[in-house]
1. Report Rg/Rh for the chain, rounded to two decimals, where Rg is the Cα radius of gyration and Rh the Kirkwood radius.
2. Per the helix-only calculation at 222 nm, which mean residue ellipticity applies to the chain, given -39500 (n - 2.57) for every DSSP H run of n ≥ 4 and division by its residues, nearest 500 deg cm²/dmol?
3. Going by a ≥ b ≥ c, the root eigenvalues of the Cα gyration tensor, does region 78-158 fall in the rounded group (a/c under 1.5), the prolate group (a/b larger than b/c) or the oblate group?
4. Between residue 204 and residue 284, take the C-beta separation as r, use R0 = 41 Å, and let me know the FRET efficiency to the nearest 0.05.
5. For residue 262 and residue 323 in the same chain, what is the full-extension length gain: residue separation times 0.36 nm, less their Cα-Cα distance, in nm?
6. With axes computed from alpha carbons, what is the tilt in degrees of helix 261-279 against the longest principal axis of the chain, rounded to the nearest 10 within 0 to 90?
7. How many nm is it between the label spots at residue 340 and residue 191, if each spot is 7 Å from the Cα in line with the beta carbon?
8. Take the alpha carbon atoms of region 198-341, find their radius of gyration, then divide it by 2.2 N^0.38 Å using N residues; give the quotient.
Amino acid sequence: MVRALLFDLDGTLLDTSKGIFRTADKSAISLGIKPCRDYVKYAQFVGPPLHVGFNKVYGLSGKEAFEAARIYKSFYPETGLNVYEYYSGLVDVVKELRRRGYLIGISTLKNEGAAKRMIASSLFAPYIDVIHGSDEAETLGKGDIVALCLSDLSLSPSEAVLIGDSESDESGAGKAGVGFLAVSWGFGFPSGYDGLEYIDKPEELLEKYKGVIAMIEKVETKNAPAAIGPYSQAVKVNGMLYCSGQIPINPVTGNIVEGDVKAQAEQVFKNIKAVLAEAGTDETKVVKATVFLKSMDDFAAVNEVYASFFSSSSVLPARSAVAVQKLPKDVMVEVEVIAVL
């Protein structure tokens with residue numbers, strides 16, 4: 001199931017051609033080279049790393065090409081960073097895709113710092129979940145950059161699609177193992193679209209990506225008490241884990257543990273830990289906990305066990321604690337949690 005749409009930046013998400021070409025002109029002049037001014041040829045700056053663009057357009061190689069790329073980067077904040085145009089309707093399309101539940105990322109060979117500054121000033125800023133771009137030494141390929149986005153989003157390649165306008169995008173998607181969707185706007189494919197899935201206008205994205213379907217999965221482990229009613233120990237949905245309340249039942253014997261409220265709380269958290277582990281997560285990923293007590297007089301003792309259980313968490317979960325008239329099997333404590341997978 002596709003959960004993330006990763007956009008190329010130059011020529012796909014934004015028309016940045018004027019800023020790129022203006023900066024390339026200024027860089028050439030700085031190097032004592034007559035500017036190309038052939039904007040069809042200049043399109044070769046878009047897609048590959050900058051030093052490759054200088055090689056293709058001006059024939060520079062080795063240290064000269066990298067030095068030209070360095071000069072370009074020094075000029076770009078002034079001559080190109082804020083020079084871009086929007087493709088008609090694309091902002092509204094991305095906004096709607098985000099509303100439908102898709103994670104939105106940017107995978108670009110543009111310098112990562114420049115890409116982040118550009119997007120921060122754009123209308124896309126509120127809808128972008130992750131941005132990765134080229135490193136200063138231009139050692140990262142498009143596939144590497146896509147992989148960084150996947151890592152940040154905690155997704156497998158099968159859960160993402162790269163949307164781009166060039167052959168370098170197509171190649172990068174293949175190396176990262178993600179799906180690829182070409183767009184006919186932007187800088188295009190010199191070889192054409194034979195064999196490629198492509199769209200001609202942004203609105204077609206809404207026809208293709210209807211929304212993230214909630215896939216509900218039951219979690220069940222013998223290391224925690226079996227459900228004693230019409231419910232599941234926990235369920236997974238959209239990257240989250242929702243755990244039913246656990247009471248102090250020993251899963252081996254099926255009996256309520258003997259002892260005081262502290263002993264019961266310790267068994268409760270053992271059961272929670274087992275369910276979290278079965279789901280592939282742990283206590284450090286818990287974002288919300290609800291504690292039910294037979295008596296609020298027991299809060300301090302339960303809180304001691306609670307604090308120990310979450311001692312490894314860098315961010316403690318949000319919590320509610322309430323006293324109720326009676327709990328199942330007349331136990332003294334019950335706890336339910338919600339966690340990130």
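1. Values: Rg = 27.0 Å, Rh = 23.3 Å.
In the chain, Rg relative to Rh is 1.16.
2. On the way: 11 runs with 121 residues, N = 341.
Rounded to the nearest 500, the figure is -10500 deg cm²/dmol.
3. Working: a/c = 2.30, a/b = 1.04, b/c = 2.20.
The shape class here is oblate.
4. On the way: r = 41 Å, r/R0 = 1.01.
Computed FRET efficiency for residue 204 and residue 284: 0.50.
5. Numbers: separation 61, 0.36 × 61 = 21.96 nm, distance 1.59 nm.
In short, 20.4 nm is gained.
6. So the inclination is approximately 40 degrees.
7. Label at residue 340, label at residue 191, 3.9 nm between them.
8. Working: Rg = 18.5 Å, N = 144, 2.2 N^0.38 = 14.5 Å.
Working it through for region 198-341, the quotient is 1.27.
The values are calculated or read from the model by the stated rules, or taken from the named source; none is laboratory data. Quick caveat, the model's predicted, so the values are computed rather than measured. Here the Cβ is made from the backbone with ideal geometry for all residues, glycine too, and neighbour counts use every protein chain on show. Accessible surface areas use protein heavy atoms only, side chains included; no ligands, DNA or RNA. Shrake-Rupley method; radii C 1.70, N 1.55, O 1.52, S 1.80 Å.
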